[in-house]
Amino acid sequence: MTRRLLLAGAGFSLLSPRSCGGAPPRDADGQAAGTSAGGAEPETPGPQDAATAPAAPPAAVAAAPLGGRPQAVPMRAPLAALSTTDRLLALTIDDGPDPTYTPAVLKILDEQRISATFFLIGRNAAEHPALVREIAAHGHHIANHTWSHPDLRRLSETEARDELRRTCDLLYETTGRAPTWFRAPAGDFTEASLRVGAELGMRPMAWSVDPRDWSRPGSSAIVDRVLKAVGSGSIVLNHDGGGDRTQTVTALRSYLPVLTGQGYQFTTPR
Ligand SMILES: [Zn+2]
């Protein structure tokens with residue numbers, strides 16, 4: 001595939017300073033370890049359909065960097081866990097930024113000296129750009145969780161591209177860095193969204209530990225579920241947006257010191 005065809009297929013222009021082409025492939029802390037996220041977000045409980053997404057050969061070949069701008073990456077299955085036997089975890093926080101809960105989460109992460117990946121909803125990020133920059137300034141990784149949190153299974157490829165690219169562009173404009181990861185709402189990745197994400201330079205990330213904090217089961221239930229399920233390489237899903245996340249904040253304050261006390265360290269896959 002020629003570069004021109006690739007770029008044309010990715011739907012972005014060489015000249016547009018606003019468009020995201022994705023990021024140069026960097027080694028992540030783990031390889032795709034499976035396609036089962038084993039969890040769900042509020043809208044559509046049940047396992048994601050990533051299992052139906054093929055572990056396809058590279059759909060897009062990375063071209064030379066455009067003045068440092070990121071590039072398309074190979075299409076892959078969603079990363080559900082880190083490939084490690086070390087006591088290494090990835091904490092992921094979805095659905096923000098939120099003016100009430102995101103600062104509370106940032107404070108806890110600061111106190112615990114933990115870095116996380118924040119999967120931001122584009123329209124929330126557009127409303128709270130200072131908060132987006134604050135997340136980045138605290139050393140956390142910012143990732144793409146679509147513009148309006150739709151069910152990607154109901155969208156055309158064009159619509160899915162719009163959801164992801166718009167968010168990608170906004171995050172780039174807000175932080176100066178294009179996101180290198182994206183996550184489908186409720187983990188419902190589609191083949192089209194995996195293809196579009198790769199074109200935009202993003203790898204898909206699922207999760208392996210879902211305490212279903214969004215359903216507000218009580219902070220102690222969230223704590224118990226995380227502590228029981230977590231293991232080497234787990235990717236943990238929590239939420240700082242989309243509703244009252246007081247329980248999540250309380251749970252984080254409780255379970256993060258327990259995990260660090262057990263020798264776990266936290267990473268942000270790059
Ligand atoms: Zn979400």
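So for the stretch 240-261 (the condition being in contact with a Ser or Thr (Cβ under 7 Å, 6 or more places away or on another chain) and within 16 Å of the ligand (Cβ to nearest atom)), does at least one residue qualify? Checked the stretch 240-261: at least one residue is in contact with a Ser or Thr (Cβ under 7 Å, 6 or more places away or on another chain) and within 16 Å of the ligand (Cβ to nearest atom). Any residue in the stretch 167-185 that is over 12 Å from Cys20 (Cα atoms), within 15 Å of the ligand (Cβ to nearest atom), assigned to a helix (DSSP H, G or I) and of a type outside the set (Ser, Thr, Tyr)? The answer is yes; a qualifying residue exists. Here Gly218 passes the criteria (1) in contact (Cβ under 8 Å) with a residue 40 or more places away in the chain; (2) at positive phi except the one numbered (1).
Under the condition of being more than 19 Å from Gly176 (Cβ to Cβ) and buried (at least 17 other Cβ atoms within 10 Å of the Cβ), which residue from the stretch 113-123 is nearest to the ligand (Cβ to nearest atom)? Filtering the stretch 113-123 for residues that are more than 19 Å from Gly176 (Cβ to Cβ) and buried (at least 17 other Cβ atoms within 10 Å of the Cβ), the one nearest to the ligand (Cβ to nearest atom) comes out as Ile121. For the condition within 16 Å of the ligand (Cβ to nearest atom) and part of a helix (DSSP H, G or I), Trp207 does not qualify. Please determine whether any residue of the stretch 144-159 is in a loop (DSSP other than H, G, I, E, B), crowded, with 20+ Cβ neighbours inside 10 Å, at pLDDT 95 or above and over 11 Å from the mean Cα position of the chain (by Cα). Yes, the stretch 144-159 contains a residue that is in a loop (DSSP other than H, G, I, E, B), crowded, with 20+ Cβ neighbours inside 10 Å, at pLDDT 95 or above and over 11 Å from the mean Cα position of the chain (by Cα). Take Ala192 and decide whether it is buried (at least 24 other Cβ atoms within 10 Å of the Cβ), away from the ligand (no atom under 15 Å from the Cβ), in a helix (DSSP H, G or I) and not charged (D, E, K, R). Against the criterion (buried (at least 24 other Cβ atoms within 10 Å of the Cβ), away from the ligand (no atom under 15 Å from the Cβ), in a helix (DSSP H, G or I) and not charged (D, E, K, R)), Ala192 does not qualify.
The values are calculated or read from the model by the stated rules, or taken from the named source; none is laboratory data. If you're wondering where the values come from, they're calculated on a predicted model, not measured in any experiment. Neighbour counts are summed over all protein chains in view; Cβ atoms, including those assigned to glycine, are modelled from backbone coordinates with ideal geometry.
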